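The values are calculated or read from the model by the stated rules, or taken from the named source; none is laboratory data. Owing to the predicted nature of the structure, the values given are computational and were not obtained by experimental measurement. Positions of Cβ are backbone-derived with ideal geometry, glycine not excepted, and every protein chain shown enters the neighbour counts. In case anyone asks, the SASA skips ligands and DNA or RNA and just uses the protein heavy atoms, side chains included. Shrake-Rupley method; radii C 1.70, N 1.55, O 1.52, S 1.80 Å.
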Amino acid sequence: MKWQVMVMVMVMKREVKEIYLLRFVACLGIVLMHSVTLALNMYDIEEGPLFVILTSIQLIFMFGTPLFIFISEFVIAYSYSDRLPKKFYVKRYKYMLMPFLFTGLLDAVLKSIESPSIEFAKKLILNYLEGDFHGYFIVIIFQFYFIHPFFVKFIASRYPASQVIMTAFIINFSYLAFFNFLDPFKYFPDLAYTSLQWDFFNKMPFPAWIAYFVVAYYCGKNYDKFLSWLQRFRYLLLAVLLITVSLLLTSQLSGIITEVHSKRIDVILYTFSVAFLLFFIASNRRKMPKFIIFISRYSFGIYLLHPLVISLLKIFLTDFIETLSVFSIIAISFIVSISCSICITYIMSKWKFGSFFIGQLNNNGDSHKKDAPFPIQKS
């Protein structure tokens with residue numbers, strides 16, 4: 001009887017429409033960021049005003065991957081705050097790990113074709129073991145899938161939320177600061193494959209992302225309180241966003257942190273300011289626009305496929321480098337990579353085994369479709 005009541009409560013729990021907007025912004029932000037990277041590489045832009053403008057655009061949209069990690073744990077905490085359902089891991093292996101392996105294979109093929117100096121077998125091993133391609137975020141999410149039940153049982157149930165959140169921030173900031181401010185070639189000159197190993201430990205272990213996981217857990221578990229908190233501090237949300245993005249750009253332009261990636265200490269607070277503002281905006285809408293929902297449904301496929309499309313697009317666009325401007329390249333890459341990724345995802349979704357290669361389409365409000373990589377509704 002108790003189990004039946006639990007199931008009824010789970011089914012009745014309402015849809016989190018705010019996740020649509022977060023996925024939409026995170027997904028398009030990542031594609032735009034990679035489109036800018038393509039333009040920087042094609043035109044070999046390494047300095048000057050244009051370089052500053054383009055790298056600033058990249059930094060502004062650097063919240064994409066952390067936001068996806070936040071979304072993932074938020075959904076789990078909202079849907080399964082006490083314990084994970086049966087076959088939870090089996091379904092994630094099927095619809096997330098398998099696409100990770102497939103996309104890693106395609107990336108190795110394309111990179112070895114694009115650059116003869118890259119050996120296919122070596123690149124494939126690096127993709128799988130070092131996360132040396134854009135799909136690395138799946139490995140990070142899987143770490144938190146395994147950490148979640150232990151976190152709930154041994155930490156969240158025993159210690160105050162404020163204490164746990166503060167500890168997570170200290171760990172996250174300290175871990176990233178080590179990599180942000182130390183020169184590996186100066187302090188670890190004898191480390192084999194210094195650059196590769198440094199990048200691996202900077203992004204792959206869970207301490208580099210622990211704050212997103214912990215905050216997302218408490219926001220998801222206490223969804224209604226979280227929305228009330230956002231309403232209470234609604235006048236500060238935009239101000240905090242402006243402050244954090246200013247600090248982000250200032251640290252970059254002043255040379256304090258010069259690496260352009262999401263594993264920066266100043267990206268942490270910036271990502272939360274973006275996430276909270278988007279939550280507030282979405283919570284005050286009766287429903288999300290159909291276009292936002294549409295992109296959100298295809299976000300996982302877009303995330304996995306768009307870099308592969310951009311790699312192929314680069315070969316084609318090279319012949320037009322003299323006639324196209326930098327911003328034309330960015331626009332073409334952005335539109336074409338999204339469109340092609342959606343088309344491929346749609347076609348693959350019609351195939352019986354397609355979800356094993358590009359994942360499942362995200363839930364579109366149907367409570368029976370609960371096995372998508374990032375569902376938004378409890379079922």
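Observations on the structure shown:
- Hz values of 3J(HN,Hα) by residue in the range 246-251 - Karplus curve (6.51, -1.76, 1.60), Gly and Pro given as x: 5, 5, 4, 5, 5, 5
- Phi angles of the range 335-351 translate, via the Karplus equation with coefficients 6.51, -1.76, 1.60 and θ = phi - 60°, into HN-Hα couplings of 5, 5, 5, 5, 4, 5, 4, 5, 4, 5, 4, 4, 5, 5, 5, 7, 8 Hz per residue; Gly and Pro are given as x.
- Average accessible surface for the chain: 49 Å² per residue, computed with a 1.4 Å probe over protein heavy atoms with every protein chain in place.
- 3J(HN,Hα) from dihedral phi, the range 223-237, Karplus parametrisation 6.51/-1.76/1.60, rounded to Hz, x for glycine, proline: 3, 5, 5, 4, 5, 5, 4, 5, 5, 5, 10, 4, 6, 9, 4
- Full-stretch length increase - Phe201, Ala161 - with 0.36 nm per residue and alpha-carbon distance subtracted: 11.6 nm
- Taking only protein heavy atoms and a 1.4 Å probe, the accessible area of the chain is 68% carbon and sulfur.
- Positive dipole terminus of the chain, leading residue within Phe68, Phe320, Ile256 (C-beta point charges): Phe68
- Summarising the label geometry, the points placed 7 Å from Cα in the beta-carbon direction at Phe185 and Lys290 lie 5.4 nm from one another.
- Each residue, Ile57 and Ala239, gets one label point 7 Å from its Cα in the Cβ direction; the gap between the two is 3.2 nm.
- The range 109-181: radius of gyration and largest Cα-Cα distance (Dmax), Å: 18.2, 55
- Kirkwood Rh in Å, taken over all unlike Cα pairs in the range 140-257: 16.9
- Potential extension, Ile321-Glu46 segment - 0.36 nm per residue separation minus Cα distance: 97.3 nm
- Counting only Cβ charges, +1 for Lys and Arg and -1 for Asp and Glu, the dipole size of the range 264-318 around its Cα centre is about 300 debye.
- Modelled FRET efficiency - R0 35 Å, Glu114 with Asp224, Cβ distances, 0.05 increments: 0.10
- Length released on extending from Lys94 to Leu129, taking residue separation times 0.36 nm less the Cα-Cα span: 10.7 nm
- Of the peptides 75-82, 241-248, the order by per-residue mean of other Cβ atoms within 10 Å, starting with the highest, comes out as 75-82, 241-248.
- When the listed pairs Lys17/Lys123; Lys225/Lys290; Lys91/Lys350 are checked against a 29 Å cut-off, the alpha-carbon distance exceeds it for Lys17/Lys123.
- Each Lys and Arg Cβ is given +1 and each Asp and Glu Cβ -1; about its Cα centre, the chain then shows a dipole of about 2400 debye.
- By the compact-protein rule of thumb, 2.2 N^0.38 Å, the alpha-carbon radius of gyration of the range 177-315 corresponds to a ratio of 1.31.
- Rg ratio (alpha-carbon, reference 2.2 N^0.38 Å) - the chain: 0.99
- Approximating the spin labels as points 7 Å out from Cα along Cα→Cβ, the Phe150-to-Ser174 distance works out to 1.8 nm.
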